[in-house]
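Worksheet for the structure shown next.
The values are calculated or read from the model by the stated rules, or taken from the named source; none is laboratory data. It should be emphasised that the depicted structure is a prediction, and the values quoted were computed from it without experimental measurement. Note that we place each Cβ from the backbone using ideal geometry, even for glycine, and neighbour counts take in every protein chain shown. When the accessible area is computed, the model is the full protein with side chains, heavy atoms only, and any ligands, DNA or RNA have been set aside. Shrake-Rupley method; radii C 1.70, N 1.55, O 1.52, S 1.80 Å.
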Amino acid sequence: MGLQFVSKKPSYEELEIKISKLEDNARRGGRILEACRTIVESTNDSIFLVDRKGRYLLSNQSHNSALGLTASKIRGKYYSEFHSPETSREFQNNIEKVFETGMSLQYEYSTGQDERCFLQTLSPVKALGPEKDITSVSVIEKEITDRKNMETALRLIEEKTHDLLENIIDPYYEMDLLGNYTYLNEAAKRNMTGSPNFTLVSRNSSEFTNADDINRVIPIFYEVYETGKPKTGVEVSFAADSGIRNLEISISPIKDSQGNVVGFRGISRDVTENKMMLENIRASEERYRSIIENIEEGYYEVDNNGIFTFFNNYAEKILGYLPIGVPYSKFMTEESAKRVFQAFNIVYQMEKPATGIVIEAVASDGRHINLNVSVSLIRDAKGKKTGFRGIINDVTERDSMAEELRRSEERYRSIIENIQDGYYEIDLSGAPLFCNDAYLKILGYNRDEWFSSHFTNYSDKESTDRLLAIFTDIFRSGKPASGIEWKLSKKDGFIRNIEETISLIKNAKGEPIGFRGLVRDVTERKNHETIIKQLAYHDFLTGLPNRLLFFDRFKLAMEAAKRKKQLLAVMEIDLDGFKAVNDSYGHHIGDLLLQEIADLLRGILRQSDTAARMGGDEFMLLLPEIKDIGDAELIAVKILRAFEKQFILERHIIYMTPSIGIAVFPEHGHDADTMIRHADIAMYQAKGKGKNSYQI
């Protein structure tokens, strides 16, 4: 017996129900499709579809506008027809990777002419069949030129600040509101602690300052905190491993992006060293920050009453919560709500999308964030206006970077204008670009005169040649040079001693574009060093070398004589009856007589010889590289004859004779002490034989 299948014919009511469901599904599908189309057409990003050969299948209005063509003119064309060969090759290679792997990929590229930067996201589009073969690739292209430029600008400012703080000569410090050090540059470590290995970071400044100074300085810090105005010339003692140091510091507030004072920074000068040797210290610092790579986007829908009806994941992430059923005015400031209401009304009346609406929203954690919003109409299946939709971008990071860029530039300028050293920037040809007031003060020129000059205008030929060689070396190596000393010819004609640090300025691509330098006038320090050296090694009354310098030269001459196997003579001269001159005419006349005798000895000796005053009326002569003992005797005879003249000192006529003892290396000794002892014995023998003579 066979089976029979009888199909039941549906009733009219059942058909009506099915048709109604199909119509509902079609309306919902149309609404979803319309929403997708609105997203694609309202976004500022380029969105397009290409096949495996890079041929356009579809493109949105943003991409059409970017190419300057209509969709019909683009469809069917190849990607390579609108882009450079290099960009087209990279694009086609990435299309192949998507087809081969079936996975999305993302990459950045830049145009060669206007250097615009773009981020492309390539995703596979698969067929609806069971095999789900890849039929094409969807491309979302976002322009990131502004972000890249901002990243580059911020990096350049940070590098500039870092380079400056690494090369300034003054110590630099930062501390928090509790007085804990958070940063010290190498100069600060070296000058404040006396050791670059001694760390102050995370330690409280009160550990190194006495109680009196703490009580005196705390109100100053509090005043800076309250007024926001910096203080300079604050003196404080500092105790470290190297001992007590007197510091002169400046105090400036460190502020966050909201303008709140979060700490202090300043320049510290070791005035202990300044008071002793008039020397100053160097300092440097490096600070840099990273910036956000991607700016997130969100999609929203509201009804005509401004109630949120849809939020995607990106939008929810931006706010930190899902505001479905909540009026848009609840998550933004009152002023922003008015701006959005006005935008909704304009879009509703004009029936055209609006973009670039900036509002201040309030996130779930209470943070105020900046959003860039676009608005377009939502229509139902009958074309009725039922609400609004749009794209939102969180631009808080971008605005923060702009503020950070401004504060970084302000910080850089503040440091430049407050340091006492001169700072300048020149291009690779030496033409002026920028300088602070301290640099102009050192040169003695006004700003207009400096900008119309060249650094070779205020340095002598020797200094100019040295500086040009140093600039060339820095350009080739990229390494800074410090401790450069040269002679400056000021506008008023005075010559000053300059100490300088020079480093290279580079552009965003790392290419050298100029030089920057820190300049310090060390003329007074050099003069003090010369005076101190003169006092340390010369007799104050006669200007002759003193005992210390004589023995130093004696040691060197003895070593040379031994090495070259040459003779060397030493003479001890004692004035006969000098005490009687002091007793008869006074010490003033005695001093004048000693000065006359010093000049007399200078006139007799060779340039390689040394005449020294050992004290009182005792002189020592060092005669290196003599041929024989007769050379020494010849000098002794010249001295005796020179003393035959009368010395006229302030109308007093004085006669003076010397007694001279001579010792010769190697006959009378192989070291300074032995030689001088023999010369001393010989001198007393000369005195014992009637004075005014010499003995060997």
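Observations
- Leading residue by the ranking (modelled with the highest pLDDT) among those in segment 261-289 that are among the polar types (S, T, N, Q) and out of contact with any helix residue (DSSP H, G or I) (no Cβ under 9 Å at 6 or more places or on another chain): Thr272
- The number of residues in segment 669-696 that are at negative phi and either among the aromatic types (Phe, Trp, Tyr) or in contact (Cβ under 8 Å) with a residue 24 or more places away in the chain (or both) comes to 17.
- Out of Asn313, Asn305, Asn393, Asn345, sole residue that is polar (S, T, N, Q) and closer than 30 Å to Gly259 by Cβ: Asn393
- Within segment 196-238, considering residues that are in contact with a Phe, Trp or Tyr (Cβ under 7 Å, 6 or more places away or on another chain) and modelled with pLDDT of 85 or more, the one surrounded by the most Cβ atoms within 10 Å (Cβ to Cβ): Val224
- Hits in segment 579-635 (condition: in contact with a Phe, Trp or Tyr (Cβ under 8 Å, 6 or more places away or on another chain), open to solvent by less than 20 Å² (accessible area, probe 1.4 Å) and more than 17 Å from Phe647 (Cα to Cα)): Thr610, Ala611, Ala612, Met620, Leu622
Yes or no, residue by residue, for (1) of a type in the set (Gly, Ala, Ser); (2) under 20 Å from Asn60 (Cα atoms); (3) surrounded by 15 or more Cβ atoms within 10 Å (Cβ to Cβ); (4) out of contact with any Leu (no Cβ under 9 Å at 6 or more places or on another chain):
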{"site": "Thr87", "(1), (2), (3), (4)": "no, no, yes, yes"}
{"site": "Phe99", "(1), (2), (3), (4)": "no, no, yes, yes"}
{"site": "Gln106", "(1), (2), (3), (4)": "no, yes, no, no"}
{"site": "Ser110", "(1), (2), (3), (4)": "yes, no, no, yes"}
{"site": "Leu128", "(1), (2), (3), (4)": "no, no, no, yes"}
{"site": "Asp133", "(1), (2), (3), (4)": "no, no, no, yes"}
{"site": "Ser136", "(1), (2), (3), (4)": "yes, yes, yes, no"}
{"site": "Glu141", "(1), (2), (3), (4)": "no, yes, yes, no"}
{"site": "Ile144", "(1), (2), (3), (4)": "no, yes, yes, no"}
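- Subset of segment 59-85 [in a helix (DSSP H, G or I), open to solvent by 60 Å² or more (accessible area, probe 1.4 Å) and in contact with a strand residue (DSSP E or B) (Cβ under 8 Å, 6 or more places away or on another chain)]: Ala66
- Candidate set: segment 32-58, residues that are outside any helix (DSSP H, G or I) and either among the acidic types (Asp, Glu) or open to solvent by less than 20 Å² (accessible area, probe 1.4 Å) (or both); chosen: the one modelled with the lowest pLDDT: Thr43
- Some residue of segment 207-216 being of a type in the set (S, T, N, Q) and part of a strand (DSSP E or B): no
- Taking the criterion of being under 19 Å from Ile144 (Cβ atoms), of a type outside the set (S, T, N, Q) and out of contact with any His (no Cβ under 9 Å at 6 or more places or on another chain), the residues of segment 77-108 that qualify are His83, Glu86, Glu90, Leu105, Tyr107, Glu108.
- Entry remark, segment 301-332: residues being open to solvent by less than 30 Å² (accessible area, probe 1.4 Å) and either without any contact (Cβ under 8 Å) to a residue 24 or more places away in the chain or β-branched (Val, Ile, Thr) (or both) number 5 in total.
- Residues of segment 122-141 satisfying the condition of being outside any strand (DSSP E or B), under 13 Å from Gly102 (Cβ atoms) and of a type outside the set (Gly, Ala, Ser): Glu131, Lys132, Asp133
- Among (1) farther than 26 Å from Glu351 by Cβ; (2) at pLDDT 70 or above - the single one Asp24 does not satisfy: (2)
- Some residue of segment 348-362 being out of contact with any strand residue (DSSP E or B) (no Cβ under 8 Å at 6 or more places or on another chain), surrounded by fewer than 17 Cβ atoms within 10 Å (Cβ to Cβ), at pLDDT 80 or above and not aliphatic (A, V, I, L, M): yes
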